[in-house]
1. Being modelled with pLDDT under 95, in contact with a Cys (Cβ under 8 Å, 6 or more places away or on another chain) and aliphatic (A, V, I, L, M) narrows it down to one residue among L26, L49, L18; which is it?
2. So which of A38, A60 ends up being more than 26 Å from S129 (Cα to Cα), away from the ligand (no atom under 15 Å from the Cβ) and either assigned to a strand (DSSP E or B) or among the hydrophobic types (A, V, I, L, M, F, W, C) (or both)?
3. Give segment 121-130 a look and list any residue that's surrounded by fewer than 21 Cβ atoms within 10 Å (Cβ to Cβ) and on the phi < 0 side of the Ramachandran plot, or say none.
4. How many residues are of a type outside the set (S, T, Y) and not in a helix (DSSP H, G or I) if we restrict to segment 1-35?
5. So which helices (runs of 4 or more DSSP H) are wholly in segment 164-251 and hold at least 2 residues that are modelled with pLDDT of 95 or more?
6. Can you tell me which residue in segment 110-120 is surrounded by the most Cβ atoms within 10 Å (Cβ to Cβ), limited to those that are part of a loop (DSSP other than H, G, I, E, B) and within 13 Å of the ligand (Cβ to nearest atom)?
7. Looking at V68, V59, V90 in this structure, which one is crowded, with 16+ Cβ neighbours inside 10 Å, under 21 Å from W155 (Cβ atoms) and free of Cβ contacts under 8 Å to residues at least 40 places away in the same chain?
8. Considering (1) under 30 Å from S263 (Cβ atoms); (2) assigned to a helix (DSSP H, G or I); (3) more than 10 Å from the ligand (Cβ to nearest atom), say which one A147 fails and leave the rest.
Amino acid sequence: MIACPSIEKRVIRKHYNLATPFYRVLWGRHIHHGYWDADESPRVAQDQLTDRLAAAAQVAEGQAVLDVGCGMGGSSRRLAAQYGCHVTGVTISTVQRRWAAAAAWRHGLRRQTKFLCHDAETIDFAPDSFDLLWSIECTEHLFDKAAFFRRAAEWLKPGGTVAICAWLSGENVNEAQRQQVYDVCEGFFCPSLGTSNDYQQWFRDAGLVVERADDWTDRVTRTWEICRDRVNRLAMRPVAKMLDRGQLIFLDRFQTILDAYLSGAMEYGCFIARKPAAN
Ligand SMILES: C[S@@+](CC[C@H](N)C(=O)[O-])C[C@H]1O[C@@H](n2cnc3c(N)ncnc32)[C@H](O)[C@@H]1O
(Lines give C-alpha, C1' and ligand atoms only; values in the text may rest on other atoms or scores of the structure.)
Protein backbone atom coordinates (compact mmCIF):
# COMPACT_ATOMS: atom_id res chain seq x y z
CA MET A 1 0.00 0.00 0.00
CA ILE A 2 1.23 3.51 -0.77
CA ALA A 3 0.05 6.29 1.56
CA CYS A 4 -0.26 10.06 1.23
CA PRO A 5 -0.44 11.24 4.87
CA SER A 6 -1.29 14.86 4.04
CA ILE A 7 -4.85 13.99 2.89
CA GLU A 8 -7.61 15.04 5.31
CA LYS A 9 -11.21 13.82 5.43
CA ARG A 10 -12.65 17.36 5.51
CA VAL A 11 -10.78 18.08 2.27
CA ILE A 12 -12.28 14.98 0.59
CA ARG A 13 -15.75 16.14 1.60
CA LYS A 14 -15.08 19.68 0.35
CA HIS A 15 -13.70 18.29 -2.89
CA TYR A 16 -16.87 16.35 -3.72
CA ASN A 17 -19.13 19.22 -2.66
CA LEU A 18 -17.29 21.55 -4.99
CA ALA A 19 -16.18 19.31 -7.84
CA THR A 20 -19.37 17.28 -8.46
CA PRO A 21 -20.75 19.72 -11.07
CA PHE A 22 -17.35 19.62 -12.82
CA TYR A 23 -17.42 15.82 -12.92
CA ARG A 24 -20.95 15.95 -14.33
CA VAL A 25 -20.01 18.36 -17.12
CA LEU A 26 -16.66 16.74 -17.86
CA TRP A 27 -17.62 13.09 -17.67
CA GLY A 28 -21.26 12.17 -17.03
CA ARG A 29 -23.66 10.64 -14.54
CA HIS A 30 -21.07 8.32 -13.04
CA ILE A 31 -17.85 9.41 -11.36
CA HIS A 32 -16.00 6.28 -12.35
CA HIS A 33 -13.94 4.93 -15.24
CA GLY A 34 -15.47 3.64 -18.45
CA TYR A 35 -14.96 0.02 -19.53
CA TRP A 36 -14.23 -0.38 -23.24
CA ASP A 37 -14.70 -3.48 -25.37
CA ALA A 38 -14.28 -1.47 -28.59
CA ASP A 39 -15.05 2.14 -29.59
CA GLU A 40 -18.08 2.79 -27.41
CA SER A 41 -18.92 6.35 -26.31
CA PRO A 42 -17.79 7.33 -22.79
CA ARG A 43 -21.41 7.22 -21.65
CA VAL A 44 -21.85 3.65 -22.84
CA ALA A 45 -18.45 2.70 -21.42
CA GLN A 46 -19.43 4.03 -17.98
CA ASP A 47 -22.63 1.98 -17.96
CA GLN A 48 -20.65 -1.02 -19.18
CA LEU A 49 -18.36 -0.84 -16.17
CA THR A 50 -21.38 -0.81 -13.86
CA ASP A 51 -22.97 -3.71 -15.74
CA ARG A 52 -19.72 -5.73 -15.76
CA LEU A 53 -19.48 -5.40 -12.00
CA ALA A 54 -23.16 -6.31 -11.61
CA ALA A 55 -22.65 -9.41 -13.78
CA ALA A 56 -19.56 -10.44 -11.81
CA ALA A 57 -21.52 -10.01 -8.57
CA GLN A 58 -24.48 -11.96 -10.00
CA VAL A 59 -26.89 -9.26 -8.88
CA ALA A 60 -30.38 -10.66 -8.47
CA GLU A 61 -33.87 -9.09 -8.58
CA GLY A 62 -34.99 -7.46 -5.36
CA GLN A 63 -31.66 -7.55 -3.53
CA ALA A 64 -30.93 -5.10 -0.71
CA VAL A 65 -27.83 -3.16 -1.77
CA LEU A 66 -25.54 -0.75 0.06
CA ASP A 67 -23.78 1.56 -2.43
CA VAL A 68 -20.77 2.94 -0.55
CA GLY A 69 -19.55 6.26 -1.97
CA CYS A 70 -22.58 6.59 -4.23
CA GLY A 71 -21.61 9.84 -5.96
CA MET A 72 -24.53 11.28 -7.92
CA GLY A 73 -26.34 7.96 -7.51
CA GLY A 74 -25.52 6.59 -10.99
CA SER A 75 -24.93 3.00 -9.84
CA SER A 76 -27.77 3.12 -7.32
CA ARG A 77 -30.28 4.16 -9.97
CA ARG A 78 -29.02 1.57 -12.45
CA LEU A 79 -29.20 -1.22 -9.88
CA ALA A 80 -32.72 -0.13 -8.96
CA ALA A 81 -33.98 0.36 -12.53
CA GLN A 82 -32.31 -2.52 -14.36
CA TYR A 83 -32.06 -5.10 -11.59
CA GLY A 84 -35.01 -4.23 -9.33
CA CYS A 85 -32.73 -3.75 -6.31
CA HIS A 86 -33.51 -1.68 -3.22
CA VAL A 87 -30.50 0.54 -2.77
CA THR A 88 -29.15 2.60 0.12
CA GLY A 89 -26.51 5.02 -1.15
CA VAL A 90 -24.00 6.65 1.20
CA THR A 91 -21.85 9.65 0.32
CA ILE A 92 -19.70 11.97 2.38
CA SER A 93 -20.96 14.94 0.33
CA THR A 94 -24.18 16.83 1.11
CA VAL A 95 -24.28 18.09 -2.49
CA GLN A 96 -24.11 14.53 -3.85
CA ARG A 97 -26.78 13.28 -1.45
CA ARG A 98 -29.21 15.92 -2.64
CA TRP A 99 -28.20 15.37 -6.27
CA ALA A 100 -28.68 11.60 -6.04
CA ALA A 101 -32.05 11.92 -4.28
CA ALA A 102 -33.32 14.45 -6.85
CA ALA A 103 -32.16 12.31 -9.80
CA ALA A 104 -33.81 9.20 -8.32
CA TRP A 105 -37.03 11.16 -7.88
CA ARG A 106 -36.87 12.39 -11.49
CA HIS A 107 -36.41 8.81 -12.72
CA GLY A 108 -39.31 7.48 -10.64
CA LEU A 109 -36.99 5.49 -8.37
CA ARG A 110 -37.72 7.20 -5.06
CA ARG A 111 -39.30 4.13 -3.49
CA GLN A 112 -36.39 1.87 -4.40
CA THR A 113 -33.58 4.20 -3.33
CA LYS A 114 -32.49 6.05 -0.21
CA PHE A 115 -29.48 8.36 0.05
CA LEU A 116 -27.59 9.23 3.22
CA CYS A 117 -24.86 11.79 3.81
CA HIS A 118 -22.47 10.06 6.18
CA ASP A 119 -18.87 8.97 6.53
CA ALA A 120 -18.70 5.29 5.54
CA GLU A 121 -15.94 4.83 8.12
CA THR A 122 -18.25 5.76 11.01
CA ILE A 123 -21.75 4.88 9.78
CA ASP A 124 -23.31 1.76 11.23
CA PHE A 125 -25.98 -0.67 10.06
CA ALA A 126 -27.59 -3.62 11.79
CA PRO A 127 -25.89 -6.96 11.17
CA ASP A 128 -27.23 -8.95 8.18
CA SER A 129 -28.85 -5.88 6.55
CA PHE A 130 -27.71 -6.25 2.93
CA ASP A 131 -27.37 -8.86 0.19
CA LEU A 132 -24.77 -6.82 -1.65
CA LEU A 133 -22.15 -4.31 -0.61
CA TRP A 134 -21.28 -2.36 -3.75
CA SER A 135 -18.59 0.27 -4.06
CA ILE A 136 -17.08 1.78 -7.18
CA GLU A 137 -13.99 3.92 -6.63
CA CYS A 138 -14.71 5.01 -3.07
CA THR A 139 -12.47 2.79 -0.94
CA GLU A 140 -9.45 4.74 -2.26
CA HIS A 141 -10.69 7.58 -0.03
CA LEU A 142 -10.96 5.51 3.17
CA PHE A 143 -8.27 5.92 5.81
CA ASP A 144 -8.51 2.47 7.42
CA LYS A 145 -9.64 0.15 4.64
CA ALA A 146 -9.05 -3.05 6.64
CA ALA A 147 -11.30 -1.82 9.47
CA PHE A 148 -13.97 -0.73 6.98
CA PHE A 149 -14.16 -4.19 5.40
CA ARG A 150 -14.31 -5.87 8.83
CA ARG A 151 -17.32 -3.70 9.78
CA ALA A 152 -18.96 -3.94 6.36
CA ALA A 153 -18.79 -7.75 6.42
CA GLU A 154 -21.03 -7.64 9.51
CA TRP A 155 -23.69 -5.68 7.59
CA LEU A 156 -23.89 -8.42 4.95
CA LYS A 157 -26.32 -11.30 5.22
CA PRO A 158 -24.75 -14.78 5.25
CA GLY A 159 -24.09 -15.67 1.61
CA GLY A 160 -23.97 -11.95 0.73
CA THR A 161 -21.58 -10.40 -1.77
CA VAL A 162 -18.98 -7.64 -1.80
CA ALA A 163 -18.43 -6.05 -5.24
CA ILE A 164 -15.68 -3.46 -5.48
CA CYS A 165 -13.93 -1.53 -8.22
CA ALA A 166 -10.83 0.31 -7.05
CA TRP A 167 -7.76 2.20 -8.17
CA LEU A 168 -4.78 0.14 -7.07
CA SER A 169 -1.10 0.58 -6.52
CA GLY A 170 0.86 -1.95 -8.59
CA GLU A 171 2.67 -4.70 -6.71
CA ASN A 172 6.44 -4.25 -6.17
CA VAL A 173 6.70 -0.76 -7.63
CA ASN A 174 10.08 1.00 -7.96
CA GLU A 175 10.85 4.48 -6.58
CA ALA A 176 9.72 6.34 -9.72
CA GLN A 177 6.45 4.40 -9.82
CA ARG A 178 5.94 4.98 -6.09
CA GLN A 179 6.20 8.73 -6.73
CA GLN A 180 3.61 8.44 -9.53
CA VAL A 181 1.17 6.72 -7.18
CA TYR A 182 1.85 9.34 -4.50
CA ASP A 183 1.13 12.15 -7.01
CA VAL A 184 -2.16 10.50 -7.95
CA CYS A 185 -3.13 10.13 -4.27
CA GLU A 186 -2.35 13.78 -3.65
CA GLY A 187 -4.16 15.02 -6.76
CA PHE A 188 -7.29 12.91 -6.23
CA PHE A 189 -7.48 13.07 -2.41
CA CYS A 190 -6.73 9.43 -1.61
CA PRO A 191 -5.07 8.76 1.76
CA SER A 192 -3.69 5.54 0.27
CA LEU A 193 -3.96 3.10 -2.62
CA GLY A 194 -3.80 -0.60 -1.78
CA THR A 195 -2.47 -3.31 -4.07
CA SER A 196 -4.65 -6.15 -5.33
CA ASN A 197 -3.05 -8.41 -2.72
CA ASP A 198 -3.81 -5.86 0.03
CA TYR A 199 -7.52 -5.89 -0.90
CA GLN A 200 -7.65 -9.67 -1.00
CA GLN A 201 -6.00 -9.85 2.43
CA TRP A 202 -8.45 -7.29 3.87
CA PHE A 203 -11.36 -9.39 2.56
CA ARG A 204 -9.95 -12.59 4.08
CA ASP A 205 -9.28 -10.83 7.39
CA ALA A 206 -12.96 -9.77 7.39
CA GLY A 207 -14.03 -13.41 7.03
CA LEU A 208 -14.91 -13.12 3.33
CA VAL A 209 -14.01 -15.58 0.59
CA VAL A 210 -12.37 -13.97 -2.45
CA GLU A 211 -14.04 -15.17 -5.62
CA ARG A 212 -12.56 -12.84 -8.22
CA ALA A 213 -9.70 -10.35 -8.36
CA ASP A 214 -9.62 -9.11 -11.94
CA ASP A 215 -7.29 -6.57 -13.52
CA TRP A 216 -9.29 -4.24 -15.78
CA THR A 217 -6.48 -1.71 -16.35
CA ASP A 218 -6.31 -2.11 -20.13
CA ARG A 219 -10.07 -1.76 -20.46
CA VAL A 220 -10.39 1.48 -18.46
CA THR A 221 -7.24 3.52 -19.17
CA ARG A 222 -8.81 5.38 -22.10
CA THR A 223 -10.91 7.29 -19.55
CA TRP A 224 -8.00 9.61 -18.82
CA GLU A 225 -7.10 10.37 -22.42
CA ILE A 226 -10.69 11.52 -22.92
CA CYS A 227 -10.81 13.54 -19.68
CA ARG A 228 -7.45 15.21 -20.40
CA ASP A 229 -8.58 16.20 -23.88
CA ARG A 230 -11.97 17.45 -22.65
CA VAL A 231 -10.41 19.64 -19.93
CA ASN A 232 -8.21 21.27 -22.55
CA ARG A 233 -11.04 21.68 -25.04
CA LEU A 234 -13.62 22.99 -22.57
CA ALA A 235 -11.13 25.46 -20.99
CA MET A 236 -12.21 24.36 -17.51
CA ARG A 237 -9.06 25.48 -15.70
CA PRO A 238 -9.84 29.24 -15.62
CA VAL A 239 -13.28 28.55 -14.12
CA ALA A 240 -11.76 26.12 -11.62
CA LYS A 241 -9.13 28.65 -10.57
CA MET A 242 -11.79 31.26 -9.83
CA LEU A 243 -13.52 28.81 -7.48
CA ASP A 244 -10.75 27.11 -5.50
CA ARG A 245 -7.40 26.30 -7.04
CA GLY A 246 -6.37 23.75 -4.38
CA GLN A 247 -9.59 21.75 -4.63
CA LEU A 248 -9.38 21.35 -8.39
CA ILE A 249 -5.79 20.14 -8.54
CA PHE A 250 -7.19 16.92 -10.07
CA LEU A 251 -7.81 18.72 -13.37
CA ASP A 252 -4.02 18.93 -13.78
CA ARG A 253 -3.37 15.31 -12.79
CA PHE A 254 -5.07 13.45 -15.65
CA GLN A 255 -1.77 12.94 -17.45
CA THR A 256 -0.22 11.77 -14.15
CA ILE A 257 -2.77 9.00 -13.70
CA LEU A 258 -2.51 8.02 -17.36
CA ASP A 259 1.28 7.76 -17.00
CA ALA A 260 0.85 5.72 -13.80
CA TYR A 261 -1.36 3.17 -15.57
CA LEU A 262 0.97 2.98 -18.56
CA SER A 263 4.09 2.49 -16.39
CA GLY A 264 2.47 -0.22 -14.25
CA ALA A 265 2.62 1.99 -11.14
CA MET A 266 -1.18 1.75 -10.94
CA GLU A 267 -3.76 -0.89 -11.82
CA TYR A 268 -7.55 -0.96 -11.86
CA GLY A 269 -9.11 -3.83 -9.96
CA CYS A 270 -12.50 -5.50 -9.78
CA PHE A 271 -13.10 -7.71 -6.74
CA ILE A 272 -15.90 -10.08 -5.80
CA ALA A 273 -15.92 -11.65 -2.33
CA ARG A 274 -18.64 -13.61 -0.53
CA LYS A 275 -19.64 -13.95 3.08
CA PRO A 276 -19.93 -17.66 3.83
CA ALA A 277 -23.52 -18.87 4.08
CA ALA A 278 -24.79 -19.79 7.54
CA ASN A 279 -24.72 -23.51 8.35
C1 LIG B 1 -14.85 8.67 -7.39
S2 LIG B 1 -16.38 8.99 -6.61
C3 LIG B 1 -17.32 7.54 -7.09
C4 LIG B 1 -18.79 7.80 -7.02
C5 LIG B 1 -19.70 6.65 -7.46
N6 LIG B 1 -19.37 5.41 -6.80
C7 LIG B 1 -19.66 6.47 -8.94
O8 LIG B 1 -19.10 5.47 -9.38
O9 LIG B 1 -20.20 7.32 -9.67
C10 LIG B 1 -16.00 8.65 -4.89
C11 LIG B 1 -17.19 8.71 -3.98
O12 LIG B 1 -16.79 8.32 -2.66
C13 LIG B 1 -17.42 9.18 -1.73
N14 LIG B 1 -16.66 9.14 -0.48
C15 LIG B 1 -15.37 9.46 -0.26
N16 LIG B 1 -15.04 9.24 1.03
C17 LIG B 1 -16.15 8.78 1.64
C18 LIG B 1 -16.46 8.38 2.96
N19 LIG B 1 -15.55 8.40 3.94
N20 LIG B 1 -17.72 7.98 3.23
C21 LIG B 1 -18.67 7.95 2.26
N22 LIG B 1 -18.43 8.32 0.99
C23 LIG B 1 -17.19 8.72 0.68
C24 LIG B 1 -17.46 10.52 -2.41
O25 LIG B 1 -18.41 11.38 -1.84
C26 LIG B 1 -17.83 10.08 -3.83
O27 LIG B 1 -19.23 9.92 -3.91
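The values are calculated or read from the model by the stated rules, or taken from the named source; none is laboratory data. None of these values were measured; they are calculated from a predicted model. Positions of Cβ are generated from backbone atoms using ideal geometry, with glycine treated the same way; all protein chains shown enter the neighbour counts.
1. L26
2. Only one candidate qualifies: A38.
3. Selection gives E121, T122, I123, D124, F125, A126, P127, S129.
4. 15
5. 175-187, 196-205, 217-220, 222-234
6. By that ranking, first place goes to A120.
7. V90
8. (1)
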